[in-house]
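Have a look at the structure below before the remarks.
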Amino acid sequence: MSMNSKYLWMNGELVEFEKATIHFLTPALHYGVGTFEGIRSYATNQGQAVFRLREHVQRLINSTKILGFREFPYSVDELVEAVRLTVAMNEFEECYIRPLVYLTDGGWNLTVDGGKPGVGIAVWEWTNYLGEEALEKGIRANITSFTRHHPNVMMTKAKITGNYANSVLAKTESLRYGFDEAIMLDPQGYVAECTGENLFLVRDGVIFTPPTAPVLEGITRDTVNTLANDLGYEVIETPVSRDQLYIADEVFVSGTAAECIALREIDFRVIGEGKMGPVARAIQGEFQAVIRGRHARSSEWMDYVKEPVVAA
Ligand SMILES: Cc1ncc(COP(=O)(O)O)c(C=O)c1O
């Protein structure tokens, strides 16, 4: 994957790719005190549009509040505009968008006070996160030996950069064992989430998902809930045990990068029919229609980078 692009937005201005650098002594790099978002922009027949942009920007600002920054230099509207500008100026057909807030100088006493937040926005051309085959066939996962955060240790509602060392530990272990993704249990031993995705299971036509306390409030998770309800499925938030996954009819995950992907095997147990099941397929179909601008909910969730092109 090439992360190259023409411009990044850095602290209020567009800068060329090579010039978007920060210093080795930036405290964020040393202590993991940054916050970020992962957002995607899709090609639609009315031009390029960003999926649920305002909600992602709001979550970024919430993450900085959780991390303890008392002041943040940009409003939601300003950052929404900055993202649109960065996407438009880079002229990719579709792209991944990575805003990041980082603690600049002054954080050496292990507080965020005294430093100040810097903000950058990068975009890069998108290639499928878990591979083309994964969308159709589903992927293989295992329960990682690394526990997901307790909310009194690392804040689970915030995308704080340091939190992701936990995801990296888990995912590296799972990939080395030959799996595609890691399922993380919370400190009580119930299913929490994957390294970058929320998780759902289906049993007898009902969808279940872990409560939000120990996990990130995924924007795709919320989208799946809404689309599932629109399709007439009940989605129940309830603690989920590891063995409930093994005997589910379907297990699938949701996230900005992965979209909606089935887990066809967990801990060497085949899940359901061992491929994407009907519920995941139906939701994935709706999701694809949304992001291509062809769904009744597209106008609510797609943020056009330029004025939409109205067909003649
Ligand atoms: C730990 C974790 N859980 C869940 C998700 C899914 O969230 P979203 O659907 O907002 O991308 C992500 C990705 O951002 C994540 O990093």
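General observations
- Share, in percent, of DSSP beta bridges within the chain that are antiparallel, nearest 5: 80 percent
- Radius ratio Rg over Rh of segment 16-166, counting only Cα atoms, Kirkwood formula for Rh: 1.00
- A 1.4 Å probe run over the protein chains yields, for the chain, 47 Å² of accessible area per residue, whole-number rounding.
- Taking a sphere under 13 Å around the Cβ of ASP243 and counting the other residues whose Cβ falls inside, with K and R at +1 and D and E at -1, yields a net charge of +2.
- Protein accessible area in the chain, 1.4 Å probe - carbon and sulfur %: 52 percent
- Whole-angstrom Cα spans of segment 189-276 along principal axes, big to small: 30, 28, 24
- Placing +1 on the Cβ of every Lys and Arg and -1 on the Cβ of every Asp and Glu, with no other charges, gives segment 73-222 a dipole of roughly 580 debye about its Cα centre.
- Per-peptide packing, taken as the mean over residues of other Cβ atoms within 10 Å, places 196-206, 100-110, 228-238 in the sequence 196-206, 100-110, 228-238 from highest down.
- In the chain, the calculated helix contribution to ellipticity at 222 nm averages -8500 deg cm²/dmol per residue, counting -39,500 (n - 2.57) for every DSSP H run with n ≥ 4.
- Under a 5 Å amide H cut-off, with hydrogens placed 1.01 Å from N, THR147 pairs with nothing among residues at least 5 apart or on other chains.
- Residue with peak Gaussian network fluctuation, the chain [Cα springs, cutoff 10 Å], from ALA43, ALA280, ALA182: ALA43
- Among LEU14, VAL251, ALA49 - extreme Cα towards positive end, dipole of the chain, charges at beta-carbon: LEU14
- For the pair TYR177 and GLU13 in one chain, pulling the backbone fully straight at 0.36 nm per residue adds 54.7 nm over the alpha carbon distance.
- Electrostatic dipole magnitude of the chain [Cβ: Lys, Arg +1; Asp, Glu -1; Cα centre; debye, to 20]: 340 debye
- Full-stretch length increase - MET154, LEU29 - with 0.36 nm per residue and alpha-carbon distance subtracted: 43.3 nm
- From the largest down, the chain spans 58, 52, 31 angstrom on the principal axes of its Cα atoms.
- Ranked by the mean number of other Cβ atoms within 10 Å per residue, highest first, peptides 12-21, 245-254 order as 245-254, 12-21.
The values are calculated or read from the model by the stated rules, or taken from the named source; none is laboratory data. In this text the structure is predicted, and so the values were computed from the model without any measurement. Counting neighbours? That spans all protein chains shown, and the Cβs are built from the backbone with ideal geometry, glycine included. For the accessible areas, the whole protein counts, side chains as well, though only heavy atoms, and no ligand, DNA or RNA atoms are used. Shrake-Rupley method; radii C 1.70, N 1.55, O 1.52, S 1.80 Å.
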